[in-house]
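No lab work stands behind these numbers, since they all come straight from the coordinates. Source: prediction; values computed, not measured. Using ideal geometry, Cβ is built from the backbone for each residue, glycine included, and neighbour counts are taken over all protein chains shown.
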């Protein structure tokens, strides 16, 4: 692929992003005027229903869709590069399992501390645990297996908790596990945005190490890459993105595995400078459009985000793979 | 350039022992020995990624364990036998990775870096592969690319683990001649493990003979002696 083809693809994606944002904003059930969007930012009136709607629902949901799409795609890309495996995703380290476990605990034991905080703690505890284990392991495939085992272990505990839980808490947990972008409040957005932005900056610092990891850890080490430190940094960033998003939006399937593959197939490069930008743009656009679709249907039926991402995305990726292998 | 003193090489048990070896600049050393005797382990131990069981390895008078990974990468390059190619990784970009120890934190290549890549590609006659993906060329072509990446690294020491395994006869001969020429012109110290006894004998390179658990240096050896020593 020539450099200018890549540039054109990025320009197209960049133009498409505002369009996807616009589609997402207008797909809500209640029609809102452009003026109320503007006013909700410039001179907010808490008694005006449309402005409150914008602040409390539309904008947080829009931003969360973009951040979740971009963040999950990025962390999936990290894992695929680190493990040299296209099947890896943001959840291979058991970050979602950690979040699920603590959220299940909080809901079913009735200790109602802040739900998303509990998820955050679980996700980071899982990430931290994996980093400690990674320090002691020589091979990456073992780390992958440990992550898998951790996932099975925690989901077993969650099943046991479920069997003891009452109907109400069972329902809350199921709702969380279906994934949703509307749990975030306006007040929480600031901190999420800051963490997310820091994560993006850190990702670009990883361009060179990631490009070296493409040819394997051993070869990268021979080229002077400090392997253990790099591994830690990559795991930390993955835990940051995946943990943040899972805690606030629940587990969102598919995006983290499919979008990095899609980006690689589209851009036909292993240069992470392009892959990072590609994953951010495609991930954000994909989740915006999926969630817009959910919003359109919301008046009639409510489809869980976690399901729709796979329903829309899986056939598309299979189509791409078949085309590529032909 | 590289000195080994009473070095034991192996993973859990000793595979090979080198009592005293000095590898000099300007020479190509052919490491020969039977399958499984520990040639790869020996090479990886010199490269610093595998720790020796005992003994001292020094590089320009300083212990190799005292260098950090990046310093080693500026001094030693290693060509591994097993590069299987990566989807969408172009030969050009694969070779460019050899500049990684010298590029900035973002891995940006300047015109000099690209000039080195071009030169190496023309030395190895692989210019026609530059735009191809590393997973879509033959095993032999990929092997030449691996050698190329080590050349691009421009290190004074180059270690090659069976670089000729997948090559045809012409390419084997050409590669060995190129290594000899490079070692003389650019004063490099090159060690390659190989089973191509005849080609090495033709080029009159010194041998590192790995047999019966020891590695020994021989400036000249006849084919008969080598075969006798190995069996």
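Let me know the volume per residue of the alpha-carbon convex hull for the protein assembly as shown, in Å³.
Taking the convex hull of the Cα positions in the protein assembly as shown, it is 177 Å³ per residue.
Taking the mean number of other Cβ atoms within 10 Å as a proxy for protection, how do you rank A:147-158, B:84-95 from highest to lowest?
Numbers: A:147-158: 16.1, B:84-95: 20.0.
So the order, starting with the most tightly packed, is B:84-95, A:147-158.
Across peptide A:262-271, how many C-beta atoms of other chains are within 10 Å of each residue C-beta, on average?
Details: counts 0, 0, 2, 2, 0, 1, 4, 4, 9, 5.
If you average over the peptide's residues, the count of other-chain Cβ atoms is 3.
So what is Rg over Rh here for the stretch A:41-325, counting just Cα atoms and using Kirkwood for Rh?
Values: Rg = 19.1 Å, Rh = 19.5 Å.
With Rg and the Kirkwood Rh in hand, the quotient comes to 0.98.
Just to be sure I understand the model, the point goes 7 Å from the Cα along the line to the Cβ. What's the resulting residue B:169 to residue A:133 distance in nm?
5.4 nm
Treat each spin label as a single point 7 Å out from the Cα along the C-beta direction, and report the residue B:187 to residue A:41 distance in nm.
Each label point lies 7 Å from its Cα, and together they span 6.4 nm.
Run the Debye formula on the Cα coordinates of the stretch B:152-231, all scatterers equal and no solvent, and tell me log10 I(q)/I(0) at q = 0.16, 0.21, 0.26 1/Å.
Those come out to -0.64, -1.08, -1.45, one per q.
Under 8 Å for C-alpha pairs, at least 6 residues apart: give me the relative contact order for the stretch B:2-230, rounded to a whole percent.
Details: 424 pairs, mean separation 67.7, N = 229.
Relative contact order comes out at 30 percent.
Would you mind giving the average projected area, over all directions, of the Cα convex hull of the stretch A:1-135 in nm² with one decimal? Intermediate values should be presented prior to the final figure.
Numbers: hull surface 52.3 nm².
Result: 13.1 nm².
What is the percent of Cα-Cα separations in the stretch B:2-230 that go past 33 Å?
On the way: 3868 of 26106 pairs.
Value for the stretch B:2-230: 15 percent of Cα pairs lie more than 33 Å apart.
Using only helices, what value at 222 nm comes out for the protein assembly as shown when you add -39,500 (n - 2.57) per DSSP H run of length 4 or more and divide by the total residues, to the nearest 500 deg cm²/dmol? Mind showing how you got there, number by number?
Values: 23 runs with 332 residues, N = 557.
Theoretical 222 nm ellipticity from helices: -19500 deg cm²/dmol.
Using Cα pairs closer than 8 Å and at least 6 residues apart in sequence, work out the relative contact order for the stretch A:41-325, in percent. Intermediate values should be presented prior to the final figure.
Working: 392 pairs, mean separation 90.9, N = 285.
In percent, rounded to a whole number, it is 32.
Taking each residue of B:67-78 in turn, how many C-beta atoms of other protein chains fall within 10 Å of its C-beta, and what is the average? Provide the component values of the computation, followed by the final result.
Details: counts 0, 2, 9, 4, 1, 4, 6, 2, 0, 1, 2, 5.
Across B:67-78, the average partner-chain Cβ count within 10 Å equals 3.
For residue A:15 and residue A:201 in one chain, what is 0.36 nm times their gap in residues minus the Cα-Cα distance, to one decimal in nm? Could you put the intermediate results ahead of the total?
On the way: separation 186, 0.36 × 186 = 66.96 nm, distance 2.20 nm.
Using 0.36 nm per residue and subtracting the Cα-Cα distance, I get 64.8 nm.
Of all DSSP beta bridges located in the protein assembly as shown, what percent are antiparallel, nearest 5?
Working: 21 of 40 bridges.
Roughly 50 percent of the beta bridges in the protein assembly as shown run antiparallel, per DSSP.
Please list A:190-202, A:240-252 highest first by mean number of surrounding beta-carbon atoms within 10 Å per residue.
Details: A:190-202: 13.8, A:240-252: 27.5.
Highest-to-lowest ranking by the protection proxy: A:240-252, A:190-202.
Considering only DSSP beta bridges where both residues belong to chain B, give the percentage that are antiparallel (nearest 5). Spell out each step's value before the answer.
Details: 21 of 40 bridges.
Bridges in chain B that DSSP calls antiparallel: roughly 50 percent.
Below 8 Å between Cα atoms, with a sequence gap of 6+, how large is the relative contact order for the stretch B:1-77 in percent? Walk me through the numbers on the way to the answer.
Working: 108 pairs, mean separation 28.8, N = 77.
Relative contact order of the stretch B:1-77: 37 percent.
In Å and from the alpha-carbon atoms only, list the Rg and Dmax of the stretch B:106-201.
Rg then Dmax for the stretch B:106-201, in Å: 13.6, 45.
Would you mind getting the Kirkwood hydrodynamic radius of the stretch A:163-295 from its Cα pairs, rounded to one decimal in Å?
Working: mean 1/r = 0.0586 Å⁻¹.
When all Cα pairs of the stretch A:163-295 are included, the Kirkwood radius is 17.1 Å.
Between the stretch A:266-326 and the stretch B:21-65, what is the C-alpha centre distance in whole Å?
When both Cα centres are located, 50 Å separates them.
Over all residues in A:211-221, what is the mean tally of Cβ atoms on other chains that come within 10 Å of each residue's Cβ? It would help to have the intermediate numbers written out before the result.
On the way: counts 7, 3, 0, 8, 13, 5, 0, 5, 11, 4, 7.
Other-chain Cβ atoms within 10 Å of each residue's Cβ, averaged: 6.
Packing-wise, with mean Cβ within 10 Å as the measure, how do A:41-49, B:4-12, B:18-26 rank, highest first? Before the final figure, lay out the partial values.
On the way: A:41-49: 10.2, B:4-12: 16.8, B:18-26: 14.9.
Per-residue Cβ counts within 10 Å, averaged per peptide and sorted highest first, yield B:4-12, B:18-26, A:41-49.
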